[in-house]
Amino acid sequence: MAYLLDANVFIEAKNRYYGFEICPGFWDWLLKENNLGKVFSIDKVGDELSSGNDPLAEWAKDQASKLFLEPDAKMVEAMERVSTWLNRQQYEAAAINTFLEGADFYLVSYALAHNHTIVTQEVASEGKRRIKIPNVCVGLRVKFKNPFEMLRIEHARFILQ
């Protein structure tokens with residue numbers, strides 16, 4: 001099973017739980033798992049992260065060629081399924097347009113096309129003004145986890161030496 005990480009996983013890790021200066025093991029683990037073909041994200045997420053002016057932006061730029069996957073034909077085909085599903089729901093038109101213009105649309109489409117599990121900090125919502133990744137995942141039967149679930153499933157260990 002491969003995981004696709006949402007931008008908020010990287011941002012929250014940097015800002016809260018796994019800052020580069022307090023838990024470099026988290027970032028090393030991501031790269032190790034990426035090398036094993038288990039942890040990725042998509043280029044749109046990489047672009048979001050790289051646009052900043054902080055250590056996360058520099059880290060994302062350094063990892064761009066391996067960690068952040070480019071769109072492929074299977075993903076492009078899946079985009080139609082995601083778009084069709086969204087338009088059949090009760091979301092406001094502005095919410096649908098916002099989702100379709102953002103990285104989340106590509107993330108869900110890539111996961112759907114390749115049977116990957118999305119890792120996100122988002123939680124499902126009953127609101128109709130903003131579309132959350134977990135809602136789309138449930139609707140399209142795409143697996144999703146929060147970062148802590150992924151770390152537990154994969155037996156990640158950040159041990160002081």
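The values are calculated or read from the model by the stated rules, or taken from the named source; none is laboratory data. What you are looking at is a predicted structure, and each value in this text was computed from that prediction instead of being measured. Cβ atoms come from the backbone with ideal geometry, glycine included; neighbour counts cover every protein chain shown.
What to note about this one:
- Failed item in (1) in a helix (DSSP H, G or I); (2) touching a helix residue (DSSP H, G or I) at 6+ places or on another chain (Cβ under 9 Å); (3) among the acidic types (Asp, Glu), with Glu21 passing the rest: (1)
- Conditions (1) in contact with an Asp or Glu (Cβ under 7 Å, 6 or more places away or on another chain); (2) within 30 Å of Gly25 (Cα to Cα); (3) not hydrophobic (A, V, I, L, M, F, W, C); number of the one not met by Gln161: (1)
- Here Ser51 meets each of (1) among the hydroxyl-bearing types (Ser, Thr, Tyr); (2) in contact (Cβ under 8 Å) with a residue 12 or more places away in the chain; (3) closer than 29 Å to Pro24 by Cβ with one exception, condition (2).
- On inspection, Ala111 qualifies as more than 27 Å from Ile159 (Cα to Cα) and small (Gly, Ala, Ser).
- Candidate set from region 98-153 (those that are over 18 Å from Val39 (Cβ atoms) and of a type in the set (S, T, N, Q)); member that is surrounded by the fewest Cβ atoms within 10 Å (Cβ to Cβ): Ser125
- Evaluation of Ala13 against (1) at pLDDT 95 or above; (2) more than 20 Å from Val142 (Cβ to Cβ); (3) in contact with a Ser or Thr (Cβ under 8 Å, 6 or more places away or on another chain) (one fails), failing number: (3)
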